[in-house]
Ligand code: SF4
Ligand code: SF4
C-alpha cells in the first residue's frame, strides 16, 4: 500500500477508518434505543451543556476515586488528542511537518501511559468491583493502539517513515479493535455516555437542583410502568448502555451489602442484556444468592419474574436510597428504573410482595398504612396542647408553621421525638398548628412500591385539605413526607415551602428564640437520612444544631450525601426480602465504630430501624430530643 | 367449574370509606386459585362477581383484586337483594358460590347467604378457609375453620354455597390496571323485589373491647393474669423443655406431642401387610 500511498496519508486514514467503524457500530447500537418510548429531549441545550456536564458534574463523582480519575483523564485525554491530531494530519501541510508528528508522538505517549494505568487496575488481579469479560482486553487494545501510534509518529517525526509499517499495523489492530468495541464492548460507554449526558432524563441534576422527584405516571396510559425493555423511554435505554460496569453502585448499595438479592450494577446490565440478545455474558459480581436464571431477551421480553432475567425479590429489595445514583459516574438513574418496573408489577399485575399488600391496601382504604384512625395521629401529644388548624378558622391570620406529623406519630418511640419538637416550638413561641384528623399519609410508601394510583389519590386529597388553610410553611420531622410535599406534590398542583425540623430548629437557635446550654459530655455521630441528604441535599442544618449544643461530634466513614441507608425506605421494611444480614445492623455497626455513645437521627424511619438493632452499643436520639435536653439543662 | 363470588357494598371498619369487604376479597382469592386449579378455558368461564344494589361502583374494586367480570343487578336503595340474586344464580347455576361470613357495612345482616342457600336449595358450608378440587371428579374439598386454627375438612359433591372465614389467605393486592380492564355487566332487575326485612339496628362508633379470657383468675397479680392470658398455665405450661436434644429424641418428642393433641394418627398397632 505504501508503494502508492505515503504513510503520512495511510496513518491519518486509519484514524478516519476507526471513526467510520465507530460510527457504524454506534448506529447499529442506536437502532436498539429506537425501540424505546418517545421522550422529550432538549437536544440543543443538552449538547451545548455537554462539556460542562462532563467536566463539572461527572468529574465531581469520578474524582472521589483519585486513582480512577487520574487514570481516566490521562487515557481518555490522550486517546482523544492523539486521534484528533492524527486525523488532522490528512491535511498535507501538517502531514509534511516533522514537528507536528512530534506533537502526535507526545499525545500517543500519554495515551500509552494511561493504558498502563488502565491495565494496572486489572492485571495481575482485577479490582473486585470491576467486571471482567470484554473489559479485560481493553488495556491490551489501548496499549496496542498507543504504542503502535507512538512509534509510527516518532518514526515519521524522524523522517524514517519507511520502516514504520509494522507499528502502523499494530496501531491499526488496536485502534480498529477499540472502534469495534463501541457496539457492545467497553468503548460503548464513551458514545452512549456522551449522548446520555446530552439527553439526560433529569437535566435538573446539572443545574444545581436535586432533581429527585419521581416522575408522575399518566394513569390513562395504555400500559402502566415497564414490563419489557421497549416500555422504557429511548433515552433511558441509552442511559443503561452508558454503564461502564465500574461497580461503584454495587459498593454503595445497602441491599447488596446485606446479602439481599440486589446488585444495582447487575440490574443495569440485565436491562442492557434484556434489550440486546447478542450482549456478551455478564462478567461481574452477580446478585447475592447466586441466581442463574437467564430468561428471554429482546425488546419485547418480560424482564421480571422467577424465571426471567430479574427476580421479583431483586426489585423489592431496593430501599430507593439513591446511593447508587449518587456514586454512578455515568449519571444513571437506577431508582427510576426500579420504580418503573415496580409500577408495572403493582398496577398491572397486583404482584406486590405478600407482606406489603396489607399496608398498601390500608393506605388506599384508610389513608394510613396501619389502618389506624386518623384522629389517633395526635394521641402521642396527650397532655400537650396541640393547636388544630381547623380550630383557627379561616378568617384568622395565617399560621406561620403547619406541623406535618407523618406516620411516625403513631409510633410510641417516635412520639417521644414529636413531643420534644412540640415542646421546643412552644418554648420558642412559634405560631404553629397541626391538621389532626385531616392529615392523611403523603402516600410515599405506595409511590415507592409502584402504586402510583394510591399515591396520586392521597396527594390530591391532601392538597385539597391544605388548600383550605393559610400557612406560611410546612415543617415536618419526616424526610419522606418532606420529599413528597416539597418535590412531588407540585406536579399535582400543591406548591409549598417545606422545611425540615432540623432546619427550623437551627433557625430558632440563630434567631435567639431557643438558647440551649452546652452538653459537652455527650459524643454523637449523625446518621444522614437518605431522603434529606441525597434527595434534598440537606446535610448541614442538623450538624449545625448538634454543634450549637456543643456535643463532641464524630463522622462515620460514610456520611452526608454518601451516607449509607438505614434500610427503612422504599417500602423495604414492609417487603422484607430476606438477606444474610440486616441493613440497620450494618449501619449501627458503622456508627459504633466511631465510638460515639449516641447516634443522632432526623427521621422516623431511621429511628425505628436503628432502634430495632439488637445489642445496640449506642443510644438513638433525634436531633430534636438532644436539643430539648440542652435547652432544659438551662433551667 | 363455574364460580360466583357475592359482593356487597362494604365500609372500612376504621375509616368508613366505601370498600370491598375484606372477607369478600379473600373469597376472590379462593375463587381465583380454585379457578386456576381447574384451568380456565375462556374469560366467560372465569370466576365472576355478583352484586345486587343501587350502584355497581361500590364493588368495582373487586375487578382490581382478581375478578375479570362483575354482574350487577340494579336495585333501588333498601330493596331486598335475595330474590334478584337467587333468580340470577338459578339462571347461571355456578358450581360454587362464595360469600363473606358476615357483612361489613351499612345495614347488612349477614343473612343473605343463608337465605340464598334456602332459596336455591343448596347446602351451605360455613367458614371455609380453603377450597380445592376433590379427588373424585365433580367433588370439592373444603377446609372449614372451627376457630383457633382447628380445621375440619369436608368433601362435597354438587353445587354448594360457602361462606369465607377471616383465617382464609389474605386478599390479593388491588391492581389499578386490572380494575381498568375489568368489565361490569349490568343486568336489569329479574324479579320484582320486595322491600328487605327491616332489622332494627342501632349504630354506635366502633370501640375496641377488651378480650375476655376464659378461666382468668378474677383477682391475682398482673403476672398471674398475663400467664392466664398467654396460656402459660394451660397447654403451654404442660410441655417438656428439652435443652439441646439430639435430633432423634427431638423428633420422637414432637411426634408424641402431635399424637397427644390428635394431629397425627396413633401408631398402627400391627403393621399392614
Ligand atoms: S451503573 Fe454506574 S456505578 Fe454502576 S457499574 Fe454502571 S457505571 Fe458504574
Ligand atoms: S437505591 Fe439504594 S438499595 Fe436501591 S439499588 Fe440503589 S443503592 Fe441499592
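Each reported figure results from applying straightforward, stated rules to the coordinates on display, with no laboratory input. Keep in mind the model is a prediction, meaning the values are calculated, not measured. Note that we place each Cβ from the backbone using ideal geometry, even for glycine, and neighbour counts take in every protein chain shown.
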Shape box of chain A [Cα atoms, principal axes, largest first, Å]: 98, 55, 49
Given 0.36 nm per residue, what is the gain on full extension from residue B:185 to residue B:261 after removing their alpha carbon distance, in nm? 22.4 nm
Nearest-ten-degree value, helix A:43-52 long axis tilted from longest Cα axis of chain A: 80
Once both axes come from the Cα atoms, what is the angle between helix A:165-180 and the longest principal axis of chain A, in degrees from 0 to 90, rounded to 10? 30
Expected sort for B:246-255, B:49-58 on mean C-beta neighbours within 10 Å, highest first, is B:49-58, B:246-255
Under 1.5 on a/c is rounded, so check that first for segment A:223-351, then, if it is not, pick prolate when a/b is larger than b/c and oblate when it is not; a ≥ b ≥ c are the square roots of the alpha carbon gyration tensor eigenvalues. rounded
On average, how many beta carbons from a partner chain sit within 10 Å of the beta carbon of a residue in A:370-379? 2
Would you please state which residues of segment A:398-414 a label at residue A:426 would reach in this model, taking the label point 7 Å out along Cα→Cβ and a backbone N cut-off of under 17 Å? A:403
Work out how much length residue A:589 to residue A:614 would gain on full extension: take 0.36 nm times their residue separation and subtract the Cα-Cα distance, in nm to one decimal. 7.9 nm
Is the C-alpha gyration tensor of segment A:4-198 telling us rounded, prolate or oblate? Criteria: a/c under 1.5 is rounded; beyond that, a/b larger than b/c is prolate, otherwise oblate. prolate
Using a Förster distance of 41 Å, the FRET efficiency for residue A:495-residue B:222 (Cβ separation, nearest 0.05): 0.15
Residue order, fewest to most beta carbons within 10 Å, for A:56, A:524, A:24: A:56, A:24, A:524
Can you give the % of DSSP beta bridges in the protein assembly as shown that are antiparallel, to the nearest 5? 25
Using a Förster radius of 60 Å, what is the FRET efficiency between residue B:118 and residue A:211 based on their Cβ-Cβ separation? Nearest 0.05, please. 0.40
What is the calculated FRET efficiency for residue B:80 to residue B:167, with r their C-beta to C-beta distance and R₀ = 35 Å, to the nearest 0.05? 0.70
If neighbour count is taken as other Cβ atoms inside 10 Å, put A:100, B:257, A:414, A:145 in order from fewest to most. B:257, A:100, A:414, A:145
Helix A:138-157 sits off the longest principal axis of the Cα atoms of chain A, rounded to the nearest 10 on a 0 to 90 degree scale, by 40
Could you check the spin-label model distance between residue A:576 and residue A:80? Points 7 Å from the Cα along Cα→Cβ, value in nm. 5.1
Cα gyration tensor category, rounded, prolate or oblate, for segment B:3-186 with a/c compared to 1.5: rounded
Working out 0.36 nm times the residue gap between residue A:472 and residue A:223, then minus their Cα-Cα distance, what length gain in nm do you get to one decimal? 85.7 nm
Would you mind pulling out the separation of the Cα centroids of segment A:282-312 and segment A:73-147, in Å? 35
Expressed in nanometres to one decimal, the distance between label points 7 Å along Cα→Cβ at residue B:139 and residue A:400 is 7.7
Averaged over peptide A:351-358, how many Cβ atoms belonging to another chain are found within 10 Å of each residue's Cβ? 3
Out of all DSSP beta bridges in segment B:3-186, what portion is antiparallel? Express it as a percent rounded to 5. 40
Would you mind pulling out the separation of the Cα centroids of segment A:235-249 and segment A:440-483, in Å? 32
Test of understanding: extend the Cα→C-beta vector of residue A:34 to 7 Å, then name every residue of segment A:297-337 with backbone N under 20 Å from that spot. A:298-301
Could you tell me how far the Cα centroid of segment B:1-38 sits from the Cα centroid of segment B:64-107, in Å? 11
Between residue A:158 and residue B:92, with labels modelled 7 Å along Cα→Cβ, what's the label distance in nm to one decimal, could you check? 9.2
Averaged over residues of B:7-16, the number of beta carbons from other chains lying within 10 Å of each residue's Cβ is 4
Could you sort the peptides B:17-24, A:596-603 by per-residue average Cβ neighbour count (10 Å cutoff), highest mean leading? A:596-603, B:17-24
With n ≥ 4 as the cut-off for DSSP H runs, can you work out [θ] at 222 nm for the protein assembly as shown, using -39500 (n - 2.57) per run divided by the number of residues, rounded to the nearest 500? -12500 deg cm²/dmol
